[in-house]
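Accompanying notes for the structure given below.
The values are calculated or read from the model by the stated rules, or taken from the named source; none is laboratory data. Since the model is a prediction, treat every value here as computed from it, not as a measurement. Backbone-built Cβ (ideal geometry, glycine too); neighbour counts: all protein chains shown.
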Amino acid sequence: MRSVGTLTRADLAEALNRKLGFSRAESLDMVEEILEQMSKSLEKGDNVKISGFGSFVLRDKRQRIGRNPKTGVEVPITPRRVMTFRASQKLKDRIVQAS
């Protein structure tokens, strides 16, 4: 079922199918809709928080000067928006217990 070390959309849909009894098509549609809503919110500039799991946080980075490591030439790095994930304390605790 699972790829080694990777949780896929199909894996999430399969879990919904097994645990909640939805059909495979309904399960996959549900996963797709959740991911679509998250994507739309992030696209609008909103952060996404999933209680007990974590937050997807958008951050604007200013322009800065970077350096090519091979040549040492300085180049400007353009301003951009980045997304980071911050795990909730519950998730962090579960990860520590699993190791």
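Any chance you could count how many residues in segment 12-47 are surrounded by 13 or more Cβ atoms within 10 Å (Cβ to Cβ), outside any helix (DSSP H, G or I) and out of contact with any helix residue (DSSP H, G or I) (no Cβ under 7 Å at 6 or more places or on another chain)? Qualifying residue count, segment 12-47: 1. When Pro69 is tested against (1) over 14 Å from the mean Cα position of the chain (by Cα); (2) closer than 25 Å to Leu20 by Cα, exactly one condition is not met: (2).
The sole residue among Arg81, Arg64, Arg59, Arg86 that is among the basic types (Lys, Arg), touching a residue at least 12 places away in the same chain (Cβ under 8 Å) and surrounded by fewer than 10 Cβ atoms within 10 Å (Cβ to Cβ) is Arg64. Residues of segment 48-99 that are assigned to a strand (DSSP E or B) and of a type in the set (Gly, Ala, Ser): Gly54, Ser55, Gly66, Ala87.
For segment 1-25, what are the residues that are over 15 Å from the mean Cα position of the chain (by Cα) and either within 29 Å of Val57 (Cα to Cα) or assigned by TED's automatic domain parsing to the domain that holds Phe56 (or both)? If the condition is that a residue be over 15 Å from the mean Cα position of the chain (by Cα) and either within 29 Å of Val57 (Cα to Cα) or assigned by TED's automatic domain parsing to the domain that holds Phe56 (or both), then Arg2, Ser3, Val4, Gly5, Ala10, Asp11, Ala13, Glu14, Ala15, Leu16 are the ones that fit.
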